[in-house]
Every structure is written in C-alpha cells, then in structure tokens.
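Accompanying notes for the structure given below.
The values are calculated or read from the model by the stated rules, or taken from the named source; none is laboratory data. Quick caveat, the model's predicted, so the values are computed rather than measured. Glycine gets a Cβ as well: all are built from the backbone with ideal geometry, and neighbour counts include every protein chain shown.
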Amino acid sequence: MLDLWIDIGEYMDAILLAAGTSQRMGAGVDKQLTRLAGKPVMIFSLERLINHKSIDRVIVTAAPGNIESITAMLADYSLENCCMVVEGGSTRQASVTCGLEHVSSERVLIHEGARPLIDDELIDRVLSINADCVVPTVPIPFTVAVGGDTMSAELERSELHNVQLPQAFTTEIIKQAHEIAQQKNQVATEDSVLVHRIGYEVVFVEGSNKNIKITHPEDLVIAERLIFGDS
C-alpha cells in the first residue's frame, strides 16, 4: 500500500506549461489561448490549480510573444496576484527547466495549459501520495503494435499506461533529472521519464478519462461537451 502524504496543505508551487507552438491545431492558432466555453483554455487549468487548497502559486511558462497577452489575461480573470509569468523554452522540456528555476517549494506540481478538465479529486490523488514522483494514468483500451510498415511485435496492453498530468515531484529530484538530461543531451516528452532514468521510483495513481489534452481542433468540441455535461 502506498504511503499517504501527511500534510497536503503545505506551501506548494505549481508550473503550468503554456509555451507550446500548437502546430497540430493549425497555422496561427495558440491552443492555450483558444476559447473554450467562453474562456481561454489555459484559464480552466489555472483556476483549478490556484483554487486548490495545497497550491499557493502558479508559475506560467509562456512563449516570448505571448507574455504580455497572458499577463493581461491573468488580470482580466483576477489571477495576477497568485501567478508568475516567465519565458519558456524552445521545447517542452526546456520550458519545464525555465519554470523550475522559480520554484521555491519542496514539492512541485507540473501541469499543461492544454489539459483544461482537471478537478480537485484528481489533484488530491496526485498530491496525497508520499513519493518523489507521482503520475496519473488511465488504461489503454486498444491493441498497440510495434513496427514500421509491418508489425514486428505486440505489446501487452494490461501493462501499458496512458500518462497524464498533473504530476507531482520532489523539487530537488526533478531539478536534478533535468540537469542530468541537459548534460547528456537526453530528450523526453514528459518529466516522469527523466526521473525514472536517474533511478527514482515513479508511482502511478488513477487518472481521469475526462482529462483530455487539447491537441486537434476537434478536441475543443469534445472538451466543451464534457464541460456542459457536468453542469
């Protein structure tokens, strides 16, 4: 049985990644700023994070050209006093490194601005586990094959996990993981992989099927249906 974190009310920073290029959304479209049910996508995530009892400040990583617009948007939603906007990097991994430079808490929660449908229950599950790296996942309900033009192997889907965010880390360890990855020119699409590579345990908790990532235009339609389905 996993140990529960004794005090999830301690001071904690969160990082919200919002510096992506949104290439799969189409030319000239920034998915974090795209409107969803009348609000920018990233505002949903920000409000959930900053209103959570265990999170005191959100560090938002933004593309250089979006810093002013995101700062103004935070003021529009009265979030400017609990958020810090910093310049992100040219990759997702680099943006996390940029955000980590401003983290002052012993644990840190990392989330993506393109995942607007998180809730308190999911955040609680992630933060309540006493581990250096906690990751929400959902089962993969379909067959996964390995190969190029032809199949070379099959994977046992019962042992596969669809990795989600937010993810919680011991700040010192996630900083160390990023420093080592930079030294070795290693790349990963998400942060728990970097922690696993340097030998620390990555603990899985139950994710949420509603916790979709806005990647393609049709994802906005799905997300809006989920939002109004809950109302």
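Structure above, values below:
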| read-out | value |
| --- | --- |
| Criterion (β-branched (Val, Ile, Thr), part of a strand (DSSP E or B), within 14 Å of the chain's Cα centre (by Cα) and closer than 16 Å to Leu46 by Cβ) met by exactly one of Ile110, Ile118 | Ile110 |
| Qualifying residue in the stretch 116-124 (condition: in contact with a Lys or Arg (Cβ under 9 Å, 6 or more places away or on another chain) and modelled with pLDDT under 95) | no |
| One residue from Asp124, Asp191, Asp119, Asp132 being within 26 Å of Leu36 (Cα to Cα), among the acidic types (Asp, Glu) and in contact with a helix residue (DSSP H, G or I) (Cβ under 9 Å, 6 or more places away or on another chain) | Asp119 |
| Number of the exception - Leu49 against (1) in a helix (DSSP H, G or I); (2) aliphatic (A, V, I, L, M); (3) under 24 Å from Glu218 (Cα atoms) | (3) |
| Of residues in the stretch 205-221 being exposed (fewer than 15 other Cβ atoms within 10 Å of the Cβ) and either of a type in the set (Phe, Trp, Tyr) or modelled with pLDDT of 95 or more (or both), the one nearest to Ile174 (Cα to Cα) | Glu206 |
| Within the stretch 82-104, considering residues that are without any contact (Cβ under 8 Å) to a residue 40 or more places away in the chain and assigned to a loop (DSSP other than H, G, I, E, B), the one farthest from Gly20 (Cα to Cα) | Glu101 |
| Subset of the stretch 1-36 that is over 15 Å from Gly113 (Cα atoms) and modelled with pLDDT of 90 or more - its residue that is nearest to the chain's Cα centre (by Cα) | Asp13 |
| Any hit, the stretch 186-198, residues being outside any helix (DSSP H, G or I) and more than 17 Å from Ala94 (Cβ to Cβ) | yes |
| Residue, surrounded by the fewest Cβ atoms within 10 Å (Cβ to Cβ), within the stretch 37-87, restricted to residues that are among the acidic types (Asp, Glu) and closer than 22 Å to Leu117 by Cα | Asp76 |
| For Val187: the one exception among (1) farther than 25 Å from Glu121 by Cα; (2) without any contact (Cβ under 8 Å) to a residue 40 or more places away in the chain; (3) of a type outside the set (D, E, K, R) | (2) |
| Test: residue in the stretch 145-157 that is in contact with a strand residue (DSSP E or B) (Cβ under 6 Å, 6 or more places away or on another chain), part of a loop (DSSP other than H, G, I, E, B) and more than 26 Å from Ser95 (Cα to Cα) | no |
| First in the stretch 144-171 and among the basic types (Lys, Arg), second anywhere and surrounded by 11 or more Cβ atoms within 10 Å (Cβ to Cβ), Cβ under 8 Å, 6 or more apart | Arg157/Pro139; Arg157/Ile140; Arg157/Val144 |
| Restricting the stretch 150-200 to residues that are among the charged types (D, E, K, R) and at pLDDT below 95, the residue that is surrounded by the most Cβ atoms within 10 Å (Cβ to Cβ) | Glu190 |
| Residues located in the stretch 121-144, provided they are of a type in the set (A, V, I, L, M), part of a strand (DSSP E or B) and under 16 Å from Lys175 (Cα atoms) | Val134 |
